[in-house]
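No value in this document is a laboratory result; all are computed from the given coordinates. Everything numeric here is computed off the predicted structure, so don't read it as measured data. Cβ placement follows ideal geometry from the backbone for every residue including glycine, while neighbour counts extend to all protein chains displayed.
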Amino acid sequence: MNRHLLSSADLSREDVEAILTTAESMHDVQHREIKKIPTLRGRTIINLFFEDSTRTRSSFEIAGKWMSADTINITGKGSSTSKGESLRDTVRTIDAMGVDALVIRHSASGACHQVAGWVDASVINAGDGTHEHPTQALLDAYTLRHRIGDLDGKHVVIVGDLTHSRVFRSDVITLGRLGAHVTVVAPPTLMPSGIADWAKTDGYATSWDLDDVLEGRGAYGPVDAVMMLRVQRERMSGGFFPTPREYTVTYGLTRERMQRLAGSNPDVAILHPGPINRGLEIAADVADSVQSVVLDQVSAGVAVRMAVLYHLLSGEAVA
Ligand code: NCD
């Protein structure tokens, strides 16, 4: 593993395994009364978020703090970019202060790669446009392992707004590294163009028919886990589906679909990276069901981000 974490493709299977193993021990810190370990004492981490975030930003901040690093949050609105400063000038200014890591979320795909070329600090991609979100994929893998065990040969279905989803782009890589079979499902209008070739290269299946896949008639048979993605209305410029109601009926994880799914596999795990549009892509009581691991994902987010910071900043080799 190198100095930065820009894409899930940067991580080999061994890297992913090493991060998840470290995350296990980091997770113990969460259950202690005194949540503090000295690992990153004297290190400075800047969270630079140009897009809104609840989970990712606070979990990176908590992760840094629990490891005794000094963490500072800067948002787009509160930074000089709102006065017209370029991204390059902003990150070079921060870097000149001598920080160790920059955790960046930006609306432009590829922004983190560019920043990595401009600064000395380690750069961690916390979501760049519709490109990638590698720590989300790691926390999804961590959560899934805890709920359904070893991912080798397991079938994970990812459903929803694939066109705008950086989560799906990272998840297919990381879950694939761990041997999972992934099927992605979306209406044709929310399927990225050229996905067929890409799916062939990266080894995952695609479908427009949610019921077919959930009932085990897809390329990989019975389903072990389903990840619902948020319909990202803020990134949509036109009409991607006729009405929200129609989307729910065709692609939502409704109570009826969940009943059928749990009927064939009561241990199926339901994931959602959040934030959730309750009643649109997932029914409220499905999100709160015993099969839902949504809050486990949030909890894993802190442990996994601690592990990533540890591997990037502690100077110890990963694998
Ligand atoms: C996702 C994101 O921002 O990429 N959320 C997250 O990080 N937990 C997904 C989304 O916004 O729908």
*Could you work out which residue, out of Gly238, Gly252, Gly216, moves most in a Gaussian network model of the chain, that is, has the largest mean-square fluctuation with Cα springs under 10 Å?*
Gly238
*Tell me the label-point distance for the pair Arg245, Arg278, using the 7 Å Cα-to-Cβ offset, in nm and rounded to one decimal.*
2.1 nm
*Where does the chain land at 222 nm, in deg cm²/dmol rounded to the nearest 500, when only DSSP H runs of n ≥ 4 count, each adding -39500 (n - 2.57), divided by all residues?*
-12000 deg cm²/dmol
*Grab the chain and count how many Lys pairs have their alpha-carbon atoms under 27 Å apart, sequence gap of 8 or more, or different chains.*
4
_Packing-based ranking, highest mean first, of 137-144, 4-11 given that Cβ atoms within 10 Å are counted_ = 137-144, 4-11
*Among Ser82, Ser53, Ser299, which one shows the biggest mean-square fluctuation in a GNM of the chain, springs joining Cα atoms closer than 10 Å?*
Ser82
*Helix 134-148 versus the longest principal axis of the chain: what is the Cα-based angle in degrees, 0 to 90, to the nearest 10?*
50 degrees
*Expressed as an acute angle from 0 to 90° and rounded to the nearest 10, what is the orientation of the C-alpha long axis of helix 13-30 relative to the principal long axis of the chain?*
80 degrees
*How far is helix 166-177 tilted off the main Cα axis of the chain, in degrees rounded to 10, range 0 to 90?*
80 degrees
*Lys/Arg Cβ at +1, Asp/Glu Cβ at -1, dipole of region 191-319 taken about the Cα centre: which of Gly218, Pro244, Gly194 is farthest positive-ward?*
Pro244
*In the Gaussian network model of the chain, springs joining C-alpha atoms below 10 Å, which of Thr254, Thr243, Thr90 carries the largest mean-square fluctuation?*
Thr243
*asked:* I need the calculated FRET efficiency for the pair Asp267 and Glu24, taking r as the beta carbon distance and R₀ as 25 Å, to the nearest 0.05.
replied: 0.70
_Contact order normalised by residue count of the chain, Cα under 8 Å, 6+ apart, percent_ = 21 percent
*In debye to the nearest 20, how big a dipole does the chain give about its Cα centre with +1 on each Lys and Arg Cβ and -1 on each Asp and Glu Cβ?*
680 debye
*asked:* Let's test the formula: R0 of 35 Å, r as the Cβ-Cβ distance of Lys35 and Val290. What FRET efficiency results, to the nearest 0.05?
replied: 0.80
*Please list, in chain and number order, the residues 5+ apart from Thr206 or on another chain whose amide H is under 5 Å from its amide H, with Hs placed from the backbone.*
Val184
